[in-house]
1. Can you tell me which of B:ARG180, B:ARG232 is at positive phi and more than 10 Å from every other protein chain (Cβ to nearest Cβ)?
2. Do we have any residue at all in the range B:196-203 that's more than 14 Å from chain A (Cβ to nearest Cβ) and open to solvent by 50 Å² or more (accessible area, probe 1.4 Å)?
3. Take the conditions touching a strand residue (DSSP E or B) at 6+ places or on another chain (Cβ under 7 Å), open to solvent by 30 Å² or more (accessible area, probe 1.4 Å) and closer than 27 Å to B:MET1 by Cα and apply them to B:LYS281. Does it pass?
4. Where in the range B:71-185 are there strands (runs of 3 or more DSSP E), lying fully within it, with 2 or more residues that are of a type outside the set (A, V, I, L, M)?
5. Being more than 9 Å from every other protein chain (Cβ to nearest Cβ), open to solvent by 50 Å² or more (accessible area, probe 1.4 Å) and of a type outside the set (Ser, Thr, Tyr) is the requirement here; does A:VAL90 meet it?
6. Looking at A:THR75, A:THR25, A:THR63, which one is among the hydroxyl-bearing types (Ser, Thr, Tyr) and more than 26 Å from B:SER298 (Cα to Cα)?
7. Only one of B:ARG30, B:ARG22 is in contact (Cβ under 8 Å) with a residue 60 or more places away in the chain, within 26 Å of B:GLU309 (Cα to Cα), open to solvent by 50 Å² or more (accessible area, probe 1.4 Å) and outside any loop (DSSP other than H, G, I, E, B); which?
8. Only one of A:GLU77, A:GLU35 is at pLDDT 90 or above and over 19 Å from A:VAL6 (Cβ atoms); which?
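The values are calculated or read from the model by the stated rules, or taken from the named source; none is laboratory data. As the structure is a computational prediction, the values presented were derived from the model and not from experiment. All Cβ positions, glycine included, derive from the backbone under ideal geometry; neighbour counts span all protein chains shown. In case anyone asks, the SASA skips ligands and DNA or RNA and just uses the protein heavy atoms, side chains included. Shrake-Rupley method; radii C 1.70, N 1.55, O 1.52, S 1.80 Å.
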Amino acid sequence: MTAQVVSKQVALNEEGFLVNPAEWTPEIAEALAREEGITLTPRHWEIIRFVRAYYQEHGKSPTLRQITAELGVPTKELFQLFPKGPAKKVARIAGVPKPEGCV
Amino acid sequence: MKRVIILGGGTAGTMVANRLARELAPDVWRITLVDESKVHYYQPGFLFIPFGLYKARDVVRPRRDLLDPRVEVIFSPVEVIEPDRNRVRLQQGQRWLPYDFLIIATGVRLFPQETPGLMGEAWQRSIFDFYTLEGAQALGRTLARWEGGHLVINIVDMPIKCPVAPLEFAFLAEWFFTQRGIREKVKITLATPLSGAFTKPRASEVLGSLLAERGIEVVPDFYVEAVDPDRRVLRSFDEQEIPFDLLVTVPLHKGDAVIARSGIGDGLNYVPTDKHTLKAKHFDNIFVLGDATDLPTSKAGSVAHFQVEVFVPNFLRYIEGLELLPTFDGHANCYIETGYGKAALIDFNYEVEPLPGMYPLPGLGPFPLLRESRVNHWGKLLFRWVYWHVLLKGKELPLPAQMSLAGKWLNGAGGR
């Protein structure tokens with residue numbers, strides 16, 4: 001599935017985030033990641049699953065510091081996995097809203 | 001007697017104390033405000049100090065003078081809040097204060113020590129902040145005789161107080177160096193963890209092009225890991241480096257340590273708060289106002305003001321046994337100084353991002369939204385008077401607390 005196909009199947013907002021997190025599927029994650037130039041490994045999936053679980057529990061997306069603190073991932077590694085703004089990038093791929101730390 | 005305790009006498013705490021002092025019957029209610037410092041700062045004024053536009057006396061007042069005489073004021077740090085026993089413990093005299101209702105307005109603190117390299121020998125020599133009076137004054141002394149080089153403004157992480165302040169600093173610096181005749185000797189860079197100049201897309205675009213017009217470079221998605229004060233380099237987590245001659249940092253912000261000590265905050269010491277009623281999520285007799293909340297809106301005085309406006313009538317209902325109404329909409333508005341005697345203005349809430357238009361009266365303004373103008377600059381300067389004399393006193397301002405779409409141009413069309 002390509003990013004164009006994703007945008008036909010589910011609604012994305014003007015910043016490219018899923019409008020409805022319930023419409024997310026692992027295939028959508030693969031396609032959005034590809035668009036970001038990221039090939040998803042098991043380590044990526046661990047973080048994506050954490051971000052989705054966090055969203056389901058708290059009703060909002062975790063910030064960078066929340067991911068590193070609660071999952072115990074070093075910040076450095078997070079930047080290697082999801083370059084350039086990992087909290088935003090992983091939220092987008094995980095189909096949850098942009099982290100609210102950015103207000 | 002019933003007792004309301006307010007922790008923190010900043011913008012939110014002072015306003016709510018003065019409003020409640022007028023609304024609550026003095027024979028039934030005792031209102032106590034606790035703050036460790038006897039001084040109240042007009043924090044928006046810190047921005048002007050590095051450029052010699054304001055002096056310390058413009059931004060400082062004795063806290064007691066700003067509070068209604070009916071408010072009991074205790075100057076002491078707070079050791080701990082015990083929500084299960086409805087009491088707080090003061091450091092001074094080690095005494096317990098019991099409460100019926102608690103209002104937490106403890107704000108945020110700066111943590112420059114959490115970024116390696118910031119607070120070494122270079123601190124207040126080539127590395128400064130302007131979010132404290134001391135920092136702003138020290139920076140002012142350096143800027144007055146700086147001979148040029150690379151000025152880098154860096155936001156360590158979001159959220160921060162007044163997210164437009166770093167942009168305003170960049171604009172004012174550009175104007176200041178032009179006035180001093182050394183503009184061509186200065187390069188100005190804004191390095192930010194955001195993907196653009198601001199957090200909201202439309203405003204980010206407008207402000208981004210204004211920055212570009214003034215020759216201010218923006219480095220987006222820059223998360224600083226450490227500063228090397230000897231090599232004068234900022235290094236990001238993904239190994240980008242930015243050299244600087246003068247670094248103006250906006251350090252990491254977190255809620256007050258008392259929130260952590262009391263075990264009632266999130267990882268950044270912000271108190272989980274209902275976004276529409278301002279009640280603490282886990283406690284039925286605790287409310288949270290101002291910067292101390294974890295709400296997805298700006299940490300800014302305007303937000304504190306709109307919160308107090310909707311909180312007070314809601315609280316009066318609540319103590320009569322009625323349910324809380326979900327009346328807070330995340331409303332924020334900010335003047336954005338852009339230099340050369342001009343400013344822009346933005347007005348937004350949880351749902352609606354900053355849009356162009358006129359404020360507060362549709363079509364008439366007088367303040368144009370999301371656009372530079374002289375009248376906005378005068379609005380910003382006038383605001384300091386309004387803050388001391390109207391806002392903190394809890395007097396009515398003719399501005400609705402909830403955001404209005406009237407006067408906003410939804411499609412970005414309309415007279416430019």
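1. One residue alone meets the criteria, B:ARG232.
2. no
3. yes
4. By residue number, B:72-75, B:78-82, B:87-90, B:96-98, B:149-155.
5. no
6. Of the residues listed, the single one that is among the hydroxyl-bearing types (Ser, Thr, Tyr) and more than 26 Å from B:SER298 (Cα to Cα) is A:THR25.
7. Result of the check over B:ARG30, B:ARG22: B:ARG22.
8. A:GLU77
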